[in-house]
Amino acid sequence: MIKLVWLVPLLPLMGFIIIGLFGKKLSKGLVGTIGSGVIFGALAIAVGIFFELKNGVQKEYTIELFNWISAGKLSIPFSFLIDPLSSLFLLIITGVGFLIHVYSVGYMSHDEGFSRFFAYLNLFIFFMLLLVMGSNYLIMFVGWEGVGLCSYLLIGFWFKNTAYNNAAKKAFIMNRVGDLGFLLGIILIFVTFGSIGYHDVFEQAKNMGSGNTTITIIALLLFVGAMGKSAQLPLYTWLPDAMAGPTPVSALIHAATMVTAGIYMIARSNILYTLSPEAMNVVAIIGICTALFAATIGLAQNDIKKVLAYSTVSQLGYMFLALGVGAYTGAVFHVMTHAFFKALLFLGAGSVIHAMGGEQDIRKMGGLKKYISKTHITFLIGTLAIAGCFPFSGFFSKDEILANVFAHNKLLWFFGILGAAMTTFYMFRLYFLTFHGKFRGTHEQEHHLHESPPSMTIPLIVLAVLSIVGGLVGIPAVLHGTHYLEEFLSPVFEASSFRLVHHLSHQTEYILMGVATVVMIAAIYYAYTIYSKKNTIPVDEDEELKPLHKLVYNKYWVDEIYETLITKPLNLLSEAFHKVIDNQLVDGIVNGVGSAVSWMSGTIRLAQTGNIGFYIFVMVISIVLILFTQLF
Amino acid sequence: MITLLLIFFPLVAGLLLLFVKGPQVKTLALGAAILEFAIAVFALGHFHQDATTQFEWNYAWVQSLGITFHVGIDGISMLLVLLTTFLVPVIILTSFKTEHKNPSAFYSLILIMQMALVGVFVSLDGFLFYVFWELALIPIYFICLLWGGEDRARITFKFFVYTLAGSLFMLGGLIYLYLHTPGGHSFDIAALYSAGQSLDVVHQGYVFWAMFIAFAVKMPVFPFHTWQPDTYTTAPTQGTMMLSGIMLKMGTFGVIRWLLPLAPLGVEKYANLAIGLAVFGVVYASCIAIVQKDFKRLIAYSSIAHVGLIAAGILSMNTQGVQGAMIQMLSHGVNVVGLFFIVDLIQKRTNTREIAALGGIRNVNPQFAFLFLIVLLGSVALPLTNGFVGEFLLLNGVYQFNPWMAGFAGLSVILGAVYMLRSYQSIMLGETNGITSSFAPLEKSEKAVLLIICAAIIVFGVFPKPLTDIVSPAVDQLLAGLRVALGH
Amino acid sequence: MSAIQIVPIEWYLFLSIVLFTIGVAGVLLRRNAIIIFMSIELMLNAVNLLLVAFSSYLSDSKGQVFVFFIMAVAAAEVAVGLAILMMVYRNTKSSDINILNKLKW
């Protein structure tokens, strides 16, 4: 199976080319089949690779395809690295990707851009696979920018809408800010280690010892890239706007896969981070700040997708928190469970929006549980999973992260629990407002309400099952289970293991779990009281809010602040460059030289009086002068 | 012999074309250009991929003054000859749907210009280089003057005088070195090299500035660039393509062949300042591009940004920088021709180039939108397009010179996305308006040009190796020579 | 000892200088083109005289060869110059050179 690994990215690429070239001529059914089929093929190979890796002795394969770039000692092969980490990501990407493709067949069935949508989606999977399969940083960067491109294309999928286009552009540009950091990081890696292949870099880094400044700078530059792609403070504002794309895109790209690229990158470079405690602290602090910041915004949002978007930002913050305290396995574990339940939630939201005929405002929903029961149950499962309710998958991954954070720093743990409480609260707020109470939409909408077709509900059910059982691969020792995931990933994080050990007694762990569960139940109860028992509905747009509520509702005015601090000054600066410096100063000097020559000529030509006697006089005088200077 | 053929075939073809009247002029010009490309490909087939100079031809031209007609092709020349001979047929093809008055003169001038350009790239004699260098200016002057747009007389005059004045510095530098050649005056490249390298650092500094100003004007590098936006905007599309696609490379090529080895110590001494100017120009031009309203002018400024990075990479004098510059010269040539063609297509159909006035073309012509997107991605250096390989190597090269400068130059990665995506969105996306709703579909020749360009963008983004293989031995040898001269 | 050498060389020198100076003064001061022409001839002949004298004193015939050249050139110059003057006179009805200032500036 390992030998077929090149087929994994090639299949989606073929899908993209076929659908892209002939999509218009093929029927929608065929396009959907090809689009999902290639992903299924990739999934099948990924499963094969996974088992081969799990059962085999060799844990790392490098497959070189061709030599891509070479300049002097810089030689970059186009090659793939298959190890437990990339294999796990392959499974997540192709697995969740396949389900979302199937879902899209139903969801997009009435859209005129059906084939274009599948072409882009396949292209996205191709780049995402490159990202995780590359055996050096530049291939990762190829995938990294490639998924950014697909994200741009898919956010702006309905390209007639200016607001959507703006969101797409914002996503691409903001990602590019991070990409620049990543690119500089890659260059610094090359300058430092003379190679950008993972293998060479990590081997050398191991011997460099902890606290090396260069490594810290590398780690921070790479992290700038991760901030952009994984929507961390201060580069997160594109992700909520990215919800402009069709809902399957939000599920696949902006929840399950692409935004976790940053976590993959840091997990991949774990040695570099382990060697740099400063960088680790930065990662942890940015992570927890993002987690709390986004969670507070999530409390006051009324758009079903926006709530989920902020929840994604917040959950990504948790993953970075885990990375920052050295819990690499925990972070990857959470990537996996998050991919399941967040994809489930987004697809569920999609199903709700589908039923509501495009309405996304939860103030206009309510009581949907009796109309769309499959969506309702799966959505509830997703909500419980993200809240971290035992025994759903979120419980295990969140518990692992929080336990590690507790061992590392109690204050961080406290903030972590606070964030978890908020998460639970706004998720249940969303749930109660959407599915409970009375229907608050128009009559027409109520009439239109219907459960989605099977192509949409089946992926929901599969994801719901995964959200329930997904956590079982990582049962902590304290619950007498086996942490299969940790075993599987151990070769990747081996070199960093000296920092991974956390010393918590079983008793402490029980207490931590207990606290988390109590907090969760309290938050659920609180949400229940407000939004189900009292039937409170968030106020309308035009009503005046209390200052704090207003602050949160307006997302701390971060977009406006960026607009004032960056966009406007940049435009002003550019105008100044253009009008003042370029047109007047630089070009002024150039034209000035021209004018000066003209002026001089104009002055000197006055000597040509036309009086021949004068000419002769000057000639004679000149001859005399020349003779004098030559003779004496 | 083949080098002579490469130089003189376009000249002969161009002169013969003057006598052809009627509609077949375009086809004949295209045929001649394709034949020239075939000759170049034939030369490539017989080219040994090593550091030697091949297909040499050395004829004592003015023996008493040490001037020879010495031409030859090494890896660096080969790549640029290929670029020139590849782009000229493409450029001629772009004009198939445009009716120029007096077409035989127009195409004749393009071919004569091609002769001068090839001559510049293969010259191995300082005097000959200068002759070709100035010769290239004459046809483009007439192209811009006779077929240009608004206010062309003033703008073309400025362009001509500016570049001519710049070249004068180069002539001064060359003559200065000529007077210092060991054992009898000679303009031969090897003699000039040893003359330059035997000077002390102060005098090499003078030589550096003399040559650098000429090349900086041609590229152009900030602050010698103000002729460029006007000229690019006013020139007829094909003239702009010749200027930006090929002629600009004369400047960057000049730095590689006629500056680095002539005054290595001078380059080293003033590298901070020169690279600083180039890198500042990158960000400066990107910023200005953001606020342009005319799409053609926007691309003109974006070209300044790209070239600034190339110049910085070359002057940083390391393998990645110079190699990246070579790759980027090629990519930039292809991409910028594509972009200017897109401008031309839009202008022909809508009679405007104003970004804000357009919109929604994608609704009417999705195919064009897709091809435009690919060219755009090449231009913003997305990985797996040709723009990325060069840009990565260039940033890498500049980083080795000075990390801060690389970081600053890297801002163009962001700004490039800003101005390209903004204009793409404004031109192609959204709803159609009165101007764009009747956007005519692409003609066959237009589609062919865009497809060729897009294919080049993707193929050389994925497999840049054939290109690097041609050029890397020559670059390595050049840098090894420089290291010796610098005493590293 | 040829006839020329009867007169001392200094006398030739003085005479030449006087003749030449008269020529220069004539060119500078007079406005009539014909007179300027004659003054130029005077200068040329002053030089010729000197050349012949030195040629004889130094027994070197090169000087006399030069004189022939100068005479030939002077003759040609007079032919062209007078023709131009004729044309000028026909157009302006005057031989005053100050009228000829159309090419100023």
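What the table shows:
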quantity	calculated
Residue within segment A:142-150 that is touching a residue at least 60 places away in the same chain (Cβ under 8 Å), more than 9 Å from chain B (Cβ to nearest Cβ) and either crowded, with 24+ Cβ neighbours inside 10 Å or under 16 Å from the mean Cα position of the chain (by Cα) (or both) present	yes
Single residue of A:Thr274, A:Thr247, A:Thr237 found to be in contact with a His (Cβ under 9 Å, 6 or more places away or on another chain), of a type outside the set (Gly, Ala, Ser) and away from chain B (no Cβ under 14 Å)	A:Thr247
The one condition in (1) touching a Gly at 6+ places or on another chain (Cβ under 9 Å); (2) at pLDDT 85 or above; (3) of a type outside the set (Lys, Arg) that A:Tyr531 fails to fulfil	(2)
Residue list for segment B:357-369, restricted to those being away from chain A (no Cβ under 13 Å) and farther than 12 Å from B:Thr432 by Cα	B:Phe368
Selection within segment A:153-162 - within 15 Å of the chain's Cα centre (by Cα) and at the interface with chain B (Cβ under 8 Å from one of its Cβ atoms)	none
Entirely in segment A:535-632, the helices (runs of 4 or more DSSP H) that have 2 or more residues that are within 30 Å of A:Leu433 (Cβ to Cβ) and not aliphatic (A, V, I, L, M)	A:547-553, A:558-562
Verdict on A:Phe127 being in contact with a Cys (Cβ under 8 Å, 6 or more places away or on another chain), open to solvent by 10 Å² or more (accessible area, probe 1.4 Å) and free of Cβ contacts under 8 Å to residues at least 40 places away in the same chain	yes
Hey, A:Gly181 assigned to a helix (DSSP H, G or I), surrounded by fewer than 24 Cβ atoms within 10 Å (Cβ to Cβ) and at negative phi or not	yes
Top-ranked residue of segment C:1-17 - restricted to ones that are in a helix (DSSP H, G or I), out of contact with any Leu (no Cβ under 8 Å at 6 or more places or on another chain) and in contact (Cβ under 8 Å) with a residue 24 or more places away in the chain, ranked as most open to solvent (accessible area, probe 1.4 Å)	C:Ile17
Among the candidates B:Met78, B:Met115, residue that is open to solvent by 10 Å² or more (accessible area, probe 1.4 Å) and among the aliphatic types (A, V, I, L, M)	B:Met115
Residue ID - farthest from A:Ala327 (Cα to Cα), chosen from residues in segment A:379-395 that are part of a helix (DSSP H, G or I) and open to solvent by 10 Å² or more (accessible area, probe 1.4 Å)	A:Leu380
Of all residues in segment A:409-459 being farther than 29 Å from A:Lys533 by Cβ and hydroxyl-bearing (Ser, Thr, Tyr), the one that is most open to solvent (accessible area, probe 1.4 Å)	A:Ser455
Residues of segment B:194-231 that turn out to be part of a helix (DSSP H, G or I), open to solvent by less than 20 Å² (accessible area, probe 1.4 Å) and within 14 Å of chain A (Cβ to nearest Cβ), as a count	6
Test: residue in segment A:95-106 that is open to solvent by less than 10 Å² (accessible area, probe 1.4 Å) and of a type in the set (Phe, Trp, Tyr)	yes
Scan of segment B:425-449 for residues that are surrounded by 22 or more Cβ atoms within 10 Å (Cβ to Cβ) and among the hydroxyl-bearing types (Ser, Thr, Tyr), ordered by number	B:Thr436
Residue ID - nearest to A:Ile63 (Cα to Cα), chosen from residues in segment A:152-199 that are hydroxyl-bearing (Ser, Thr, Tyr) and at pLDDT below 90	A:Tyr198
Residue in segment B:436-445 that is within 12 Å of chain A (Cβ to nearest Cβ) and among the polar types (S, T, N, Q) present	no
Which listed residue is in the same structural domain as A:Ile297 (by TED's automatic domain parsing) and either under 15 Å from A:Glu145 (Cα atoms) or open to solvent by 10 Å² or more (accessible area, probe 1.4 Å) (or both), from A:Leu239, A:Leu220	A:Leu220
Qualifying residue in segment B:389-402 (condition: within 11 Å of chain A (Cβ to nearest Cβ), closer than 20 Å to A:Gly72 by Cβ, free of Cβ contacts under 8 Å to residues at least 12 places away in the same chain and open to solvent by 10 Å² or more (accessible area, probe 1.4 Å))	yes
So B:Glu99, is it of a type in the set (Asp, Glu) and within 19 Å of the chain's Cα centre (by Cα)	no
Number of positions in segment C:58-91 that are away from every other protein chain (no Cβ under 13 Å), open to solvent by 50 Å² or more (accessible area, probe 1.4 Å) and assigned to a helix (DSSP H, G or I)	22
Of residues in segment A:187-202 being in contact (Cβ under 8 Å) with a residue 12 or more places away in the chain and surrounded by fewer than 16 Cβ atoms within 10 Å (Cβ to Cβ), the one nearest to the other protein chains (Cβ to nearest Cβ)	A:Gly194
Number of the exception - A:Ala205 against (1) within 14 Å of another protein chain (Cβ to nearest Cβ); (2) open to solvent by less than 10 Å² (accessible area, probe 1.4 Å)	(1)
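The values are calculated or read from the model by the stated rules, or taken from the named source; none is laboratory data. Source: prediction; values computed, not measured. Virtual Cβ from ideal backbone geometry, glycine too; neighbours counted across all protein chains shown. For accessibility, only protein heavy atoms count, side chains too; no ligands or nucleic acids. Shrake-Rupley method; radii C 1.70, N 1.55, O 1.52, S 1.80 Å.
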